[in-house]
Every structure is written in structure tokens, then in C-alpha cells.
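J.: Quick one: the structure is below, and I'll ask about it shortly.
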Amino acid sequence: MHIGISVISHSGQNIWENGMGQNVLFLAQLLQRLEFVEKVQLVDMGDQPNVAPQVDLLAMGLELVKPQAVLDTLDVIIEMAGALPGEWLAHFRACGGKAVYMCVGQPHVGLAEPILFTDKATFVKAERMDEVWLLPKDAGFAPMLRTLHRCPVHEVPYIWSPQFITQRVKEVEASGFRYGHEKGRVSWRVAIFEPNISTVKSCLIPMLGVDVAYRAAPDRVASMQVLNTLHMKDHPTMLFLANSLDIVRDGKAIFHGRHDFAGFMVQHADAVISHQWQNDQNYSYLDALHGDYPLIHNSPWLGDAGYFYPRFDAAAAGAQLLHALRDHDAQLEGYRARTRRVFDAVDPFAVDNLVGYARRLLHLVGGDEGFKANAPLAAAGVRG
């Protein structure tokens, strides 16, 4: 089987600009491990000769190709990080190719917010795909996607590898910094990394949570570092909210632009507090856990990893930050063990994940008769 995954190269591209670029590469490497997959290529909808400089495609056994170059050679195309041309897709499918839309962003907000708040909303033609694949975090939106795209919708495993955060850690440590939680700090600098371009992931609840902790123990919270906020610095509601907080009035809040996670943490922060709405699987959480940093979050998917607070409960978020301040050092080994279980579950080469994608591909092309989810690796078409 010859598989293509769509990407979109652009000038100044960086692997840390969003999680989708990493997800494409994790998926490509997973698919390369399937016995019945002969080749995986990245089908570029952009204008550059390569993707992000942090990515060595040659070492990964991948190449960047244009859609026309593989129109007659691909068996399956997965539209993921770049929208494929309608005419190309129609020709590809008419010749027997199978097309999948891999939905990794929160689908409802991704459609609703542009329509409501901007004049740049886009809508793709219905019935252009054979299947839609979505991640467990978005399983509740399957009926919407099934109606919208008029084709079957299937859940596929969520995958992540530490390869890029490990690579970045080596870079920052080569510059003299140390990545990872440091025991013994009495007062923490708390960072908020939400992108603040959608209601799905914003700094509102984290800011309130930090202020709750600060009001209870001002000597334990050294500062609040709020990233991705420069585009909101003059917004009257944002200014009103910020200036209502004790930690801001006391001059212990700093508002930043965009920074990569590792580079920022080694210089400016000791803990992370986050919030999501219907989007509970995020790579930034895993990057934080990789460094044993205290992660205060509201993601049910993480289970007992990190420090969980429910829904929009800012007071509980503050309480969990205080709990972490008191006990994180003493409980670090248990924290790492819980993190390890999460990492094992999302490993692209974990058996369940390999088999999950093998099953979907075989079903897509009609070759899954007799396939069982618990079959041995060889029977599942997975290279050991």
C-alpha cells in the first residue's frame, strides 16, 4: 500500500507552531511500521522545498512531493495538514484511490467560530471523502461530521512521541539551561501556554486559578507568566479582567507573545496551568509531563496524571496549584509513574495503536476480512 499524508509547507515554518505538524510525522512513522504499507509520502500543498528545519525527512525515510507527482501512484491519501484540491481528489477517487479526512482540530469550533466572528470562514464540499477519522477527544462530534461529510466516521488512536521535545531539550541544554522540574523551590513562576485564538483553549480560567492560589499563599507564587496574549493587550475586557486580579495589581504578572515550550520553561517558569473546552488531548500537556513539571489541568483524558481540576472550576484549579506547591517534590516518583502510563498509551509504536491504524486502513480498502483487534502482530500486518 502506498499512502500519502497532506502537509502545507510555508516560509518560516517551525515544528512548534502547532501540534498538527508533529502529528503528521508521528502518523507517518507509525504507518511505516505496517507490513502492508510499502511507502509513505508527504503530499505538500505549500510552496517550500522542505518542512520545518527541526525535521530531518531523510532520516525518517520520508519525502515531500507535490500532488500531481503521486496522483497515479497513491492507494490512500490522508488529508490532514493541507487541504487537497477538489479536482485532484475527484480524479484520484475515480481511479480507485481512497481518501480520508483526518480531523485533529476540534471540529465544531473550527467551523462555528470563523463563521460567527470573521469573514474568512471556509467550507469544503460534502462527499469528497471515503471516510473521516477523528481522535478520541472529538468522539462526541462524530454524528456532526457524519452528517456534514456524508461518509463513515471512525475513531483512531491518539499518538505522541517525545522525539521533538527531546531534540529541543538538547538544544536548550547545550546553551547552558536545564530542562525539568527542580526540587526545593519555595516559590513558583507559573506559566499559561494557551494559544488564545479560540474559546477552546484560552487563558481565562488559568489566570483566575493562579490568582486564587496567589491570594491564599502570595509567598509561594512568584509570578504568573501568560503567553500568547500580545494580540489582546489593548482589548478592554482583557484589561479589565487582568486588572481585577491581585497578582496583576501587585506587579507579579507578565504577558508575553509566542514562545516554544522548552525554551520558555528553562528560563521563566516552574509550573504550568492550563484549560481546555472539549479538547482534552494536547501535546503541550505531554511536553510538560516529560519534564516532570507540575501540570494543573482539566483534561479527563489524562486521568490521574498531573493535577486535575474539573471543567471551569477556577477555585479548584487554584487549590490544585497549592496542592502541587506543597507536595510535588515529595510525590515526584508517583507523578512520574502516572506520566509513564500516559506515555505508554500514546506511543506510536505501541501494539494497540499500530493495530488500530492497521485495522482502519484494511477496512478502508476492503481487506480486513477475518481481521481481529487482538490478533498477533504478524496477522495484523505490523512489523515487529
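J.: Looking only at region 211-241, which residues are of a type in the set (Val, Ile, Thr) and without any contact (Cβ under 8 Å) to a residue 12 or more places away in the chain?
T.: Initial filter on region 211-241 (of a type in the set (Val, Ile, Thr)): 212, 221, 226, 229, 237.
Of everything in region 211-241, just one residue is of a type in the set (Val, Ile, Thr) and without any contact (Cβ under 8 Å) to a residue 12 or more places away in the chain, namely Thr237.
J.: With Gly370, Gly334, Gly366 as the choices, which residue is of a type outside the set (D, E, K, R) and at pLDDT 95 or above?
T.: Exactly one residue qualifies, and that residue is Gly334.
J.: Looking at Ala90, Ala94, Ala52, Ala59, which one is in the same structural domain as Pro152 (by TED's automatic domain parsing) and surrounded by 15 or more Cβ atoms within 10 Å (Cβ to Cβ)?
T.: Details: Ala90 fails: surrounded by 15 or more Cβ atoms within 10 Å (Cβ to Cβ); Ala94 fails: surrounded by 15 or more Cβ atoms within 10 Å (Cβ to Cβ); Ala59 fails: surrounded by 15 or more Cβ atoms within 10 Å (Cβ to Cβ).
The match here is Ala52.
J.: Ok, one more. I'd like to verify a number: residues in region 47-61 that are in contact with a strand residue (DSSP E or B) (Cβ under 7 Å, 6 or more places away or on another chain) and within 14 Å of Gly12 (Cβ to Cβ), how many?
T.: The number of residues fulfilling the criteria is 2.
J.: Continuing with the same structure: Tell me, which helices (runs of 4 or more DSSP H) lie completely within region 17-96 with 3 or more residues that are closer than 23 Å to His149 by Cβ and of a type in the set (A, V, I, L, M, F, W, C)?
T.: 19-32, 86-94
J.: Of all residues being over 12 Å from Ser198 (Cα atoms) and among the β-branched types (Val, Ile, Thr) in region 102-117, which is modelled with the lowest pLDDT? Just the residue, please.
T.: The selected residue is Ile115.
J.: Further, regarding this structure: For region 40-63, state whether one or more residues are within 23 Å of Gly366 (Cα to Cα), at pLDDT 95 or above and out of contact with any Asp or Glu (no Cβ under 7 Å at 6 or more places or on another chain).
T.: Yes, some residue in region 40-63 is within 23 Å of Gly366 (Cα to Cα), at pLDDT 95 or above and out of contact with any Asp or Glu (no Cβ under 7 Å at 6 or more places or on another chain).
J.: Output the residues belonging to region 305-320 that are over 24 Å from Tyr179 (Cβ atoms) and assigned to a loop (DSSP other than H, G, I, E, B).
T.: Tyr309, Pro310, Arg311, Phe312, Asp313
J.: Based on what the data block shows, is Gly318 surrounded by 19 or more Cβ atoms within 10 Å (Cβ to Cβ), of a type outside the set (Ser, Thr, Tyr) and at pLDDT 95 or above?
T.: Criteria met by Gly318.
J.: Right, here's the next one. For region 108-118, check the following and say yes or no: at least one residue is surrounded by fewer than 21 Cβ atoms within 10 Å (Cβ to Cβ) and part of a loop (DSSP other than H, G, I, E, B).
T.: yes
J.: Run down Pro136, Pro152 and say which single residue is at pLDDT 95 or above, surrounded by fewer than 18 Cβ atoms within 10 Å (Cβ to Cβ) and either over 26 Å from Asp292 (Cβ atoms) or among the β-branched types (Val, Ile, Thr) (or both).
T.: Details: Pro136 fails: either over 26 Å from Asp292 (Cβ atoms) or among the β-branched types (Val, Ile, Thr) (or both).
Unique residue meeting the criteria: Pro152.
J.: For region 298-315, give me each residue that is without any contact (Cβ under 8 Å) to a residue 40 or more places away in the chain, more than 15 Å from Asp270 (Cα to Cα) and crowded, with 18+ Cβ neighbours inside 10 Å.
T.: Across region 298-315, the qualifying residues are Ser299, Ala305.
J.: Moving to a separate point now. Only one residue in Tyr293, Tyr285, Tyr357 is modelled with pLDDT of 95 or more and closer than 21 Å to Ala217 by Cβ, so which one is that?
T.: None of the other options fit; the residue is Tyr293.
J.: Here's another thing I want to ask about it. Confirm whether Arg168 is in the same structural domain as Gln278 (by TED's automatic domain parsing), in a helix (DSSP H, G or I) and within 26 Å of Ala28 (Cα to Cα).
T.: When the stated conditions are applied, Arg168 passes them.
J.: Name the pairs: first residue in region 322-333 and touching a residue at least 60 places away in the same chain (Cβ under 8 Å) and over 11 Å from Gly184 (Cα atoms), second residue of a type in the set (A, V, I, L, M, F, W, C) and buried (at least 20 other Cβ atoms within 10 Å of the Cβ), Cβ to Cβ under 6 Å, at least 6 apart or on different chains?
T.: Leu322/Ala213
J.: What helices (runs of 4 or more DSSP H) completely inside region 186-266 contain at least 2 residues that are among the β-branched types (Val, Ile, Thr) and farther than 30 Å from Lys137 by Cα?
T.: Passing ranges, in order: 246-249.
J.: Only one of these is closer than 20 Å to Gln281 by Cβ and in contact (Cβ under 8 Å) with a residue 24 or more places away in the chain: Phe141, Phe177. Name it. Before the answer, list the steps.
T.: On the way: Phe177 fails: closer than 20 Å to Gln281 by Cβ.
Exactly one of Phe141, Phe177 is closer than 20 Å to Gln281 by Cβ and in contact (Cβ under 8 Å) with a residue 24 or more places away in the chain, namely Phe141.
J.: Quickly run through region 161-199 and pick out the residues that are on the phi < 0 side of the Ramachandran plot, surrounded by fewer than 14 Cβ atoms within 10 Å (Cβ to Cβ) and either in contact with a Leu (Cβ under 6 Å, 6 or more places away or on another chain) or not polar (S, T, N, Q) (or both).
T.: Scanning region 161-199 gives Lys170, Ala174, Arg178, Glu182, Lys183, Val186, Ile197.
The values are calculated or read from the model by the stated rules, or taken from the named source; none is laboratory data. Just so you know, these numbers come straight off a predicted model, no measurement behind them. Positions of Cβ are backbone-derived with ideal geometry, glycine not excepted, and every protein chain shown enters the neighbour counts.
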